[in-house]
1. What does the helix-only formula give at 222 nm for chain A: each DSSP H stretch with n ≥ 4 adding -39500 (n - 2.57), the total divided by the residues, and the result rounded to the nearest 500 deg cm²/dmol?
2. Students often forget the sequence filter, so: which aspartates and glutamates lie under 19 Å Cα-Cα from A:LYS76 once same-chain residues fewer than 8 apart are removed?
3. Where does the charge balance sit around A:THR360 when Lys and Arg score +1, Asp and Glu -1, over other residues with C-beta under 11 Å from its C-beta?
4. What order do you get for A:GLU458, A:GLU191 when you list them from fewest to most C-beta neighbours inside 10 Å?
5. Is any helix in chain A, taking whole DSSP H runs, at least 20 angstrom long along its axis by alpha carbon and on average at least 0.0 on the Kyte-Doolittle scale, and which ones?
6. Taking amide H positions as placed in the peptide plane 1.01 Å from N, state which residues far from A:ASN426 in sequence (5 or more) or on other chains have amide H under 5 Å from it.
7. Summing +1 for each Lys or Arg and -1 for each Asp or Glu, what net charge is found among the other residues whose Cβ lies under 14 Å from the Cβ of A:GLN419?
8. Which whole-number percent is the relative contact order of chain A (Cα, under 8 Å, 6+ apart)?
Amino acid sequence: MSNKPSIPKGTRDFSPTEMVRRNYIFDTIKKVYKRYGFQQIETPAMENLDTLVGTGGEESDTLIFKVLPRGETLNKFINEINSTLQSANKIGDEITLDNFNPLITNHIVKKYVEQALRYDLTVPFARYVVQNQNDITFPFRRFQIQPVWRADRPQKGRYREFYQCDADIIGSDSLLNEVDLIKIIDDVFSELFQGKLNYTVSINNRKILQGIVESVGEQDKFEQIVVAIDKLDKIGKEGVIKEICQLGVSTEKAKKIATLTVVPGVRSSIKEELPNANNIELELGLLEALGEHIGSNPNGQKGIKELEFIFEKLKALGAKNIKFDPTLARGLGYYTGTIIEVKVDNFPSICGGGRYDDLTGKFGLKDVSGVGISFGADRIYDVLLDNDLYPEFKGDSTQVLFINFGEKEQDYCLPLLFQLREAGINSEIYPEAAKMKKQMTFANNKNIKYVVLVGSDEMQSGKLTVKNMESGEQESLTIDELIVLLKG
RNA sequence: GUGGUUGUAGCUCAGUUGGUUAGAGCACUGGUUUGUGGUGCCGGGUGUCGUGGGUUCGAGUCCCAUCUUCCACCCCA
């Protein structure tokens with residue numbers, strides 16, 4: 001009791017006001033997902049550790065929250081760590097858990113730790129698909145809105161517990177799926193931002209990046225090079241070249257990679273050539289230009305072709321805010337084709353996604369391609385709050401409060417109260433005959449619009465005194481008249 | 001995981017070069033008003049100064065550790 005209660009690092013409570021806003025975001029996304037034919041599923045917070053590891057690259061393994069074993073297994077786990085530490089100390093000096101070889105720790109952890117909290121929704125989904133493959137009709141469109149956990153250090157827009165809103169289409173390699181997903185992004189942000197906030201949907205294709213890296217013969221270092229390219233907007237072209245060189249690639253090759261991806265000024269020169277082009281035509285021009293630069297590398301050309309298809313369709317559908325960004329890479333290891341990211345100024349990405357050709361392979365189901373997106377609800381929440389974009393939410397809380405004058409009056413009010421509730425009006429009665437001022441203040445703090453006062457006069461006449469708390473005006477109404485007032 | 005930053009009343013924050021009994025606003029509560037709130041006036045309570053050590057005659061203030069907050073890096077929604 002003496003200690004102040006608290007919650008774990010990077011987690012948050014949500015107040016009633018915050019929940020109304022969060023639900024507004026979830027409901028908007030859900031509504032759009034359903035409109036595109038997606039069906040909802042949920043999976044457990046915990047997965048088996050081996051389901052989660054080894055899919056998101058080495059880095060993400062350290063960000064997974066692992067669940068300690070219980071009982072006898074916990075004892076064995078602790079004993080093995082202890083004895084390994086001791087035997088290591090016999091050989092070398094001063095070995096503690098801090099400087100302990102992480103490979104050995106990991107080995108022991110994997111031996112005893114069975115469960116972990118999910119790190120994203122895509123990997124559990126792949127597991128779900130494989131497990132339920134006989135009951136699923138492919139292509140399967142599912143959406144899933146649930147929290148995920150990452151043992152990351154919290155900072156702006158980054159939490160240890162946060163909600164992802166995923167939509168994936170699995171069992172089809174048609175690029176029409178990409179078109180749908182990008183249109184979904186367009187729909188969701190048009191609705192949430194109401195045209196009052198700029199956002200950019202950046203699109204690229206991993207095959208293009210592959211083509212570029214292959215053209216200099218450094219495909220062994222693909223993952224790392226791609227991470228370096230992704231930092232362009234942060235560290236600049238020179239920074240990217242430097243970082244690629246540090247991977248052991250020659251300066252010449254690094255420069256070539258950078259010039260192929262960076263394509264400075266291309267967008268503006270296309271604009272000069274085609275002054276009347278709309279945005280998407282501009283992007284198509286950029287794609288064509290990059291295609292010429294890349295040359296005949298088959299992967300690169302395939303990537304360009306795929307994006308051209310997508311952009312052509314989006315053009316016909318009048319999608320907005322779409323940009324081709326050849327430097328967009330995204331770290332996640334499992335992406336193989338289209339990659340998508342949505343950004344708003346001064347915020348980390350609020351939505352991301354891409355195509356993965358072999359996520360289910362790990363679980364024994366080969367040759368199933370999928371593509372998906374994920375909205376970061378918590379970041380969207382912060383963006384909407386920062387830009388003051390929440391609509392006013394009315395009628396969500398209590399609309400009518402009955403003031404409690406005492407036992408007799410209370411008995412008289414109770415049936416009336418339930419009449420209102422049956423009519424679908426959110427209402428309550430103050431549960432005790434407290435002072436008037438206290439009851440009125442309660443109504444005021446809860447933003448209750450109407451207060452009903454029933455004393456001896458009202459009980460005799462059957463007319464309730466209804467006070468509008470916004471205008472301060474009062475009128476005498478029967479319960480039926482009050483219902484008409486609130487419903488009509 | 002690396003670097004920096006923050007912590008004082010329920011909330012937002014003052015608090016001097018270390019020095020008596022740690023302050024303000026908001027909120028809460030009592031009265032003004034025994035059936036009328038949100039704007040008035042008068043009164044009231046509120047603290048292990050994040051936690052644990054240390055320096056000092058004396059620590060909210062200085063030092064160390066630890067936790068937490070926020071920010072950047074890494075990476076990501």
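1. Numbers: 19 runs with 230 residues, N = 488.
Result for chain A, helices only: -14500 deg cm²/dmol.
2. The qualifying aspartates and glutamates are A:GLU114.
3. Counting the neighbours of A:THR360, the net charge comes to 0.
4. Ordered from fewest to most neighbouring Cβ atoms within 10 Å, A:GLU458, A:GLU191 come out as A:GLU191, A:GLU458.
5. Counting only whole DSSP H runs, the qualifying helices are A:176-193, A:279-294.
6. Close amide H contacts, sequence-distant or interchain: A:GLN399.
7. Values: positive: A:ARG421, A:LYS487; negative: A:GLU422, A:GLU428, A:ASP480, A:GLU481.
Net charge in that neighbourhood comes out at -2.
8. Values: 722 pairs, mean separation 73.9, N = 488.
Value for chain A: 15 percent.
Here, each number is a calculation from the coordinates, and none is a lab measurement. Worth saying up front: this structure is predicted, and the values here are computed from it rather than measured. For neighbour counting, all protein chains shown are included, and Cβ atoms are generated from backbone atoms with ideal geometry for every residue, glycine included.
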